[in-house]
1. Exactly which chymotrypsin sites (Phe, Trp or Tyr not before Pro) in segment A:173-208 are in a DSSP loop and have at most 13 other Cβ atoms within 10 Å?
2. With the contact rule set at Cα under 8 Å and sequence spacing of 6 or more, what percent relative contact order holds for segment A:1-130?
3. Can you run phi through the Karplus equation (6.51, -1.76, 1.60; θ = phi - 60°) for segment B:248-264 and list ³J(HN,Hα) in whole Hz, with x for Gly and Pro?
4. Please name the residues of segment B:137-183 whose accessible area, counted over protein heavy atoms with a 1.4 angstrom probe, falls by no less than 20 Å² between the chain alone and the full protein assembly.
5. Ordering B:V327, A:V32 by how much accessible area each has at a 1.4 Å probe, largest first, what is the list?
6. Contact order normalised by length for chain A, with contacts defined as Cα pairs under 8 Å and 6 or more residues apart; what percent is it?
7. Using only alpha carbon pairs under 8 Å that are at least six residues apart, calculate the relative contact order of chain B and give it in whole percent.
8. Could you do me a favour and compute the accessible area per residue for chain A, 1.4 Å probe, result in Å²?
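The values are calculated or read from the model by the stated rules, or taken from the named source; none is laboratory data. Nothing here was measured: the structure is a model prediction, and the numbers come from that model. Cβ: placed from backbone, ideal geometry, glycine included. Neighbour counts: every protein chain shown. These area figures cover heavy atoms from the full protein model, side chains too; ligands, DNA and RNA do not enter into them. Shrake-Rupley method; radii C 1.70, N 1.55, O 1.52, S 1.80 Å.
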Amino acid sequence: MEQVGQRKIDGMWLTVVGFAVLFFLILPTLIVIPISFGGGDFLEFPPNSFSLRWYESYFSSIEWMSATKISLIVAVMTTAIATPLGALCAYGLHCSTPRIRNTAQAFVIMPLVVPVILTAVGVFSLYAKLGLNYTLTGIVIAHTAIALPFVIVTVMSGLQNYDFDQELAARSLGASRAFALWTITVPQVKFSIQTGAFLAFVTSLDEVVISMLVSGGENATITRRMFNSMRDHLDPTIAAISTCLIAVSIGALICVRFLGSRGEVNE
Amino acid sequence: MFANKSQTIDISNLCKSYGSVNALDDVSLNISAGEFLTLLGPSGSGKTTLLMALAGFVRPDGGSIRFGDREMITTPPHKRGLGMVFQSYALFPFMTVAENVAYPLKIRGVSKSDQKIRAERALETVELGGYGNRRINQLSGGQKQRVALARAMVFEPQIILMDEPLSALDKKLREHMQIELKALHQKLDATIVYVTHDQREALTMSDRIAVVNHGRIEQVETPERLYRQPHSFFVADFIGESISLPVTVAKGTAQLGERVLKSDLPIALGSGGHRLVVRPELLEVTPGDVPETANDLSGYVHDIIYQGDSVLVIVQHDSVGQINVRVPANRAGQIGLPSKGERIGLALHPEDTIIVPEHIS
């Protein structure tokens, strides 16, 4: 009896600690939401009054809107390029010999391991020669490079749970490799691809360091403008924008979950 | 629909190496039209590599593969017109049973209504008529394998390849499916190449068996001849139960210790010395003296093991060591086996005296 009671208390502790960790993980994210609805001129928590004025300030500012547009365009383009590229890369690695796979994987994962600031400085100096700094193309290429590993890693793990004989079976039954890949393999790793796409999108949208160096002028991303704005005059518009970004991220996550739950077959 | 005609497969000098490992070492093999040929060998022997080369998934380093009179070596898998069955079934889990079976027809541009009719007919052939609307995860292992079979034959391929299709099934079902597959082969007019590591399965189903070892074909024979007249120690050891004793061969006669062995079977050439292969059920227990015409392997009973359908007697031979003898249980009762420590007469007849080289030349 005593032991059972002891176990119950242990279980309770685990739950408490678990929730505490969860709480501290999301608290900093959640705190900006009430701040963004404050009526005062400064970031304050808890806010003294309720108002939508900072949202109004965000949505009515041409500068903020254009930066938002740039960020969304960059994120969508990064996703559009990184997802098929990363998925095909994962497929290629999955099909190759273990030696090639391990070597290539090390290179592919590099952008995840190397401090972003190094990547940013490298990209900046390279772009200076190529004339790609402050261009949309430049920022999309840089974001694609750092988003690719997320797509590759998620799709590769998806492929690991997939019976690859299915694709061979389809090919032996008369399907070309591309047709077998598209009609048999892709539908079954769809969820991994969507997750990879989501991560690519969020990676690009949230990215600050590379954007600080490489984007600018009329092609400045929202994160870059937010950083500059914080340096110059800190006002709760930042909180309103952050809240919107959180909403977009969560929205994208829900999309992936919703799409993924349909048609995904797990055997 | 065109008249179906099974095809010959001619493999010559096929080579494939992975680094320093020869997965296929100059393999040549001719398979007749409509034959059921089994590639039998231990894991890593190259039998699956050979099958994958036939399917087009492994690109050989050299050699030739011909289906009928068409060279296939550079033909991509989807243009080889093969049906293939995998160990993992490889069914498409997001499609229904009927959609799975109709997949090859759909690719071939068969009309929707024909697809339906032919898929259902193929399912009836494997005794799964009416299962078309089921989902794959609603099927048992045996049913899944039947669907995979139906899918591989629905487009009436002239050649069907099977990669250990029954090894994921339990023993009872596996034995049942072996008989069914054999019967199905008689109905289909197709050449079947079957890969397995299970020698009993190979003996049960095949017209001929090709024993594969270290990327080479050791012997191609009918099951009976393979069992009765193996050409190498590997084949003798891999197929059936046996014990082996070292013998010396000179001028076409073999000697076990001091005694010359009488054998009706040809002694294959090879390297690394020769061995006498004794199958436990081919030894005859003689109550009296061993007849002059047979080889005498008599000794003392070391142990008697009752195994239900038969009795295994372990005999301590005077000079060569232990020999196992299998006696059917009812016969053991009739002749009355000697008990432990007593002398037992063992005759090995010349037609059962198998002498093989250690390595094939």
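1. Listed in order of number, the matching sites amount to none.
2. The normalised contact order for segment A:1-130 reaches 8 percent.
3. Working through the residues one at a time gives 10, 10, 9, 6, x, 10, 9, 10, 9, x, 8, 8, 7, 8, 8, 9, 8 Hz.
4. In segment B:137-183, residues shielded by partner chains: B:N137, B:R151.
5. Result, largest first: A:V32, B:V327.
6. The normalised contact order for chain A reaches 29 percent.
7. Averaging sequence separation for qualifying contacts and normalising by length gives 17 percent for chain B.
8. Result: 56 Å² per residue.
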